[in-house]
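Worksheet: one structure, shown below.
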Amino acid sequence: MPKILTDAQVQGYRTDGYVCPIRAFDAEVAVGYRGRMDRLEVDNPGLWTRAKVKPHLLMTWLNELMREPRILDAVEDVLGPDILAWATGHFDKKPHDPGFLAWHQDATYWGLSEPSVVTAWVALTPSTRRNGCMRVVPQSHTEGQLRHTDTFAAGNMASRGQEIQVDVDEAAAVDLELQPGEFSLHHTMLVHGSLPNTSDVRRCGITIRYVAAHVRQTTGFRDSATLVRGTDRHGHFRPEPRPTTDFDPAASAFYDEIVGEAERRKAAIAAQADSVRDER
Ligand SMILES: O=C(O)CCC(=O)C(=O)O
């Protein structure tokens, strides 16, 4: 029996590739997390430029957020009992922010062995069609790995402006609207993106990428992850330290080491993708 999702939601995830909305915590708790995040950003200008891929190793609020029991209950319902938090991220669109995400599949550049990987997108502000909420193409996770290209388009919030190279039926897209404290789950192969913020309301969401413990990194580098539920009987990932303070020295040193490796790995995967493209 599922822990928090209904049977229909679990089935919906399998069939459509997403579930939305699910409540993680009250709106006031979301305001609390947002306040801690904003204060750190004020005190550390450029924070999000440094804090890529695994900012949960640097900030205690984010390390707490990725362990929220209701989020883990929902993740357990789709991934099973042994869960690692592999990566986290921050997608913040200020009022009238032109930033957008072109249609893409998350799995494309991650190098993970299989798609037992799910993202929780947690809303710290309202996230609506007008302020550029995430949009998904239901059932697209069943279409296999689609070809992507690096567009480096102005405003694209992905690092190289990644975009799939097939036409998307916009009419089929679904807006994942959320209120503060709610989250959605989406499958790592699901085609998704988001439009610019055309409103006066900030749109800020936190992504947490969870993997089932049997998943491996395939790029020849010992990646890291945090066990957040169950048991890790596989040991494919290096266990991560938990920061006891923001920018905890031990966790920060680990972060620098692992994210340096991860950046090199990403560049290698991108180069490999480019050479495959060139051969086609
Ligand atoms: O926040 C957004 O607009 C898109 C997020 C996204 O692309 C992702 O979670 O992979």
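The values are calculated or read from the model by the stated rules, or taken from the named source; none is laboratory data. Predicted, not measured: the structure shown is a model, and the values here were computed from it. Note that we place each Cβ from the backbone using ideal geometry, even for glycine, and neighbour counts take in every protein chain shown. Accessible surface areas use protein heavy atoms only, side chains included; no ligands, DNA or RNA. Shrake-Rupley method; radii C 1.70, N 1.55, O 1.52, S 1.80 Å.
Evaluated on the chain, the Kirkwood hydrodynamic radius is 19.1 Å, with distances taken between all distinct Cα atoms.
Assuming 0.36 nm per residue, please report the length gained on full extension of the stretch GLN165 to GLU143 beyond their Cα-Cα distance. Intermediate values should be presented prior to the final figure.
Numbers: separation 22, 0.36 × 22 = 7.92 nm, distance 1.33 nm.
Fully extending the segment from GLN165 to GLU143 adds 6.6 nm.
Whenever you get a sec, compute what percent of the accessible area on segment 154-276 sits on carbon and sulfur atoms (1.4 Å probe).
51 percent
Here, P(r) means the percent of Cα pairs in each 5 Å bin from 0 to the largest distance; for segment 103-150 it is 4, 13, 25, 22, 18, 13, 5, 0. Counting only residues at least eight positions apart within a chain, or on another chain, the lysines with an alpha carbon under 23 Å from that of LYS266 are LYS52, LYS54. A 1.4 Å probe, protein heavy atoms only, puts the accessible area of SER199 near 10 Å².
Please give the FRET efficiency for ARG39 paired with ALA267, using the beta carbon to beta carbon distance and R0 = 41 Å, rounded to the nearest 0.05. Could you put the intermediate results ahead of the total?
Values: r = 33 Å, r/R0 = 0.81.
Efficiency computed from Cβ-Cβ geometry: 0.80.
With all protein chains kept in place, the per residue accessible area of the chain amounts to 43 square angstrom at a probe of 1.4 angstrom.
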